[in-house]
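Enquirer: Submitted below is the structure of interest, expressed as structure tokens.
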Amino acid sequence: MKRREVITIVVAVLVVGLLFVALKLSGGGNPKSASENPTASIESAEPSGDTPKSMSDADVERLLKEAVDLGSLEERDGGGLKTVYYQNNEPYSGWGKDRYNSGQVRWLGRFEEGKIDGLIMTWYGNGQKEGETTFKDGKADGPWTMWHENGQKQEEATYKDGKIDGSQKEWEKYTLTMYERTFKDGELIYEKSWPAKSWNAKDERVEMDKRVQVPIARYSEKQRDMMGRIVINVYSDEHAGEGRFRMADGKGVFVDDGDMVDFIKKQKEEWDTKAQKARLYLRADRKVHFTYVRRAIRAAAAAGINEVIFANRWRSKVDQNERDNVVSLEGHPDIPEAQPFLIKVSNQGFIFANAGAAEELLDTGVQGAERTLPLLDQRLEIYAANAKAGGKSPLVQVYVWPEAVMQRVSDVLNHLAKHRIVRVTFRDFVAQDEQRN
């Protein structure tokens, strides 16, 4: 009899406000300002701490008085993934705004004929500017800039017709390690890291095997920190002939699980010497059975890795980049928890709540482009609200049968992220089946 394995995960939540999604998902542009520090360079790997302003504070205040609340606009389907905003039954043109509950402005942007068009600015709750971007006909188009909450520059990039194109630079919040990437029509073709002053790292070229079609997940987190990644591809039956588990570029094949453990250990040791937290970056094909995904997670745990990142993709016209669901294999500090909500994913992809005699079938399939599980969505909304009202942290236990495909597991994680449920246990369901036999 094999022991049950319980994996605790933290699902990264992308916190967005109404239309704040536009900045996070599609990016945009930032008109260059003379207040930017021209000496910030690749050689120094340090961003400017200044916050450029394309508008004066007085201009922003004037526009806030002129702008309408986003909540007053009516959203209508514009076809595909587009949304058109109406006021008094007419496509809205003018400025829109959104605020935090504190009254601090969160979003300020321009609409034209119901579509986001022109300058967009966003702020953190502390008043620090978060991003500045431009849209054209509802799509990100032009240069854009984002900052960390402490005012340090976070990212610079350029978008073209809704897709990232050309050079992108990104700075970590604390180490100031810089990443330089090159995109072509939304696809990552080259990546290099420029070290912070604390250690010297060699340039890293990342080539992702496109034969792995990662799952679709609307609320997964955009990739930020690239350091410490140990990439493992898990292939579907279609491409598993030469090896089910392979390295990032798809060329290196692991002969067995022990070989995979040894590889991860070696990579972890290299990251340890650079004082970087090693993490398994798991690119599992959306069609692969979870039993294979479980083997990769076990290999990581055996190698001493306590964090796994599931690669996902939000497939839209404005964002074709892979995104993350972050998974922690280690425990969490003691925090009052609500009674666990149990979710079961069957081999057929059916979603159940509870177990045993109380087991209840919720969803047999997803709906729409956002892959909604409507009944699970409703139950999670109620559960999260009750937990919050009781001053407790919501806790979800997910049981996955071995032949459930990775896409369905990502569908569940996606809904947990939507409702900001970040404390989750992933229990090895196959072990329970073995105990019954």
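The values are calculated or read from the model by the stated rules, or taken from the named source; none is laboratory data. Values in this document were obtained by computation on a predicted structure and should not be read as measured data. Quick reminder, even Gly has a Cβ in these numbers, built from the backbone with ideal geometry, and neighbours come from all protein chains shown.
Enquirer: Determine whether Ala196 is at pLDDT below 80 and more than 30 Å from Arg408 (Cβ to Cβ).
Expert: So Ala196 fits the description; yes.
Enquirer: Considering the stretch 141-150 alone, what residues qualify as being at pLDDT below 85 and of a type outside the set (Phe, Trp, Tyr)?
Expert: Pro143, His148, Glu149, Asn150
Enquirer: Moving on. I need the full set of residues from the stretch 223-250 which are in a loop (DSSP other than H, G, I, E, B) and either at pLDDT 80 or above or under 18 Å from Gln407 (Cβ atoms) (or both), in order please.
Expert: Filtering the stretch 223-250 for residues in a loop (DSSP other than H, G, I, E, B) gives 223-228, 235-236, 240-244, 247-250.
Within the stretch 223-250, Gly228, Tyr235, Ser236, Ala240, Gly241, Gly243, Arg244, Met247, Ala248, Gly250 meet the criteria.
Matching residues to (1) charged (D, E, K, R); (2) out of contact with any helix residue (DSSP H, G or I) (no Cβ under 7 Å at 6 or more places or on another chain); (3) surrounded by fewer than 18 Cβ atoms within 10 Å (Cβ to Cβ):
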residue	(1), (2), (3)
Gly109	no, yes, no
Glu112	yes, yes, yes
Leu119	no, yes, no
Gly125	no, yes, yes
Gln128	no, yes, yes
Glu132	yes, yes, no
Asp137	yes, yes, yes
Asp141	yes, yes, no
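Enquirer: State yes or no: is Gly349 in a loop (DSSP other than H, G, I, E, B), at pLDDT 85 or above and surrounded by fewer than 21 Cβ atoms within 10 Å (Cβ to Cβ)?
Expert: Yes.
Enquirer: With respect to Ser220, determine if the residue is modelled with pLDDT under 80 and buried (at least 21 other Cβ atoms within 10 Å of the Cβ).
Expert: Yes: the conditions hold for Ser220.
Enquirer: Right, something else. Yes or no: the stretch 169-179 includes at least one residue that is surrounded by 16 or more Cβ atoms within 10 Å (Cβ to Cβ), among the acidic types (Asp, Glu) and modelled with pLDDT under 65.
Expert: Looking for residues that are surrounded by 16 or more Cβ atoms within 10 Å (Cβ to Cβ), among the acidic types (Asp, Glu) and modelled with pLDDT under 65, one finds none in the stretch 169-179, hence no.
Enquirer: I'm checking my understanding of the structure. Among residues of the stretch 110-148 that are of a type outside the set (Val, Ile, Thr) and touching a Leu at 6+ places or on another chain (Cβ under 7 Å), which one is farthest from Glu172 (Cα to Cα)?
Expert: Only one residue fits best here, namely Arg110.
Enquirer: Applying the selection to the stretch 273-290, what residues are over 21 Å from Pro402 (Cα atoms) and at pLDDT 85 or above? Steps first, answer last, please.
Expert: Within the stretch 273-290, the first condition is being over 21 Å from Pro402 (Cα atoms), and the residues that meet it are 273-279.
Once the filter is applied, which keeps residues that are over 21 Å from Pro402 (Cα atoms) and at pLDDT 85 or above, the stretch 273-290 yields Ala278, Arg279.
Enquirer: Those residues that are part of a helix (DSSP H, G or I), without any contact (Cβ under 8 Å) to a residue 40 or more places away in the chain and surrounded by 12 or more Cβ atoms within 10 Å (Cβ to Cβ), I need them from the stretch 361-381; list them, please.
Expert: Within the stretch 361-381, Pro374, Leu375, Leu376, Arg379, Glu381 meet the criteria.
Enquirer: Restricting attention to the stretch 268-287, which residues are assigned to a loop (DSSP other than H, G, I, E, B) and over 30 Å from Asp411 (Cα atoms)?
Expert: Listed by number, the residues that qualify are Lys274, Ala275, Gln276.
Enquirer: Of everything in the stretch 386-403, what is surrounded by fewer than 24 Cβ atoms within 10 Å (Cβ to Cβ) and within 22 Å of Asn312 (Cβ to Cβ)? Give them in sequence order. Give the steps one after another, and end with the answer.
Expert: As a first pass, look at the stretch 386-403 and keep what is surrounded by fewer than 24 Cβ atoms within 10 Å (Cβ to Cβ): 386-393, 395, 397-399, 401-403.
Passing the criteria: Gln397, Val398, Tyr399, Trp401, Pro402, Glu403.
Enquirer: Cβ contacts < 8 Å: first residue under 18 Å from Trp144 (Cα atoms) and hydrophobic (A, V, I, L, M, F, W, C), restricted to the stretch 100-111; second residue part of a loop (DSSP other than H, G, I, E, B) and modelled with pLDDT under 85, any location; separation 6+ or different chain. Result?
Expert: Once the first residue is under 18 Å from Trp144 (Cα atoms) and hydrophobic (A, V, I, L, M, F, W, C) and sits in the stretch 100-111, its partners that are part of a loop (DSSP other than H, G, I, E, B) and modelled with pLDDT under 85 give Trp107/Gly17; Trp107/Leu18; Trp107/Leu19; Trp107/Phe20.
Enquirer: Show the residue pairs meeting these rules: Cβ distance below 8 Å; 6+ apart or different chains; first residue within the stretch 343-359 and at positive phi; second residue in a loop (DSSP other than H, G, I, E, B).
Expert: Sorted first by the residue in the stretch 343-359, then by its partner, the pairs are Gly349/Thr364; Gly349/Gly365; Gly349/Ala404.
Enquirer: Taking the stretch 81-107 on its own, how many of its residues are surrounded by 14 or more Cβ atoms within 10 Å (Cβ to Cβ), in a strand (DSSP E or B) and not small (Gly, Ala, Ser)?
Expert: Residues in the stretch 81-107 being surrounded by 14 or more Cβ atoms within 10 Å (Cβ to Cβ), in a strand (DSSP E or B) and not small (Gly, Ala, Ser): 12 in total.
Enquirer: Let me confirm something: among Asp165, Asp141, Asp161, which residue is out of contact with any Gly (no Cβ under 8 Å at 6 or more places or on another chain) and under 25 Å from Ala369 (Cβ atoms)?
Expert: None of the other options fit; the residue is Asp161.
Enquirer: Next question, about the same structure. Somewhere in the stretch 89-99, is a residue touching a residue at least 40 places away in the same chain (Cβ under 8 Å), charged (D, E, K, R) and farther than 14 Å from Gly138 by Cα?
Expert: Taking the stretch 89-99 first, the residues touching a residue at least 40 places away in the same chain (Cβ under 8 Å) are 96, 98.
Still in the running and charged (D, E, K, R): 98.
Filter again for farther than 14 Å from Gly138 by Cα, leaving 98.
Yes, that holds for at least one residue.
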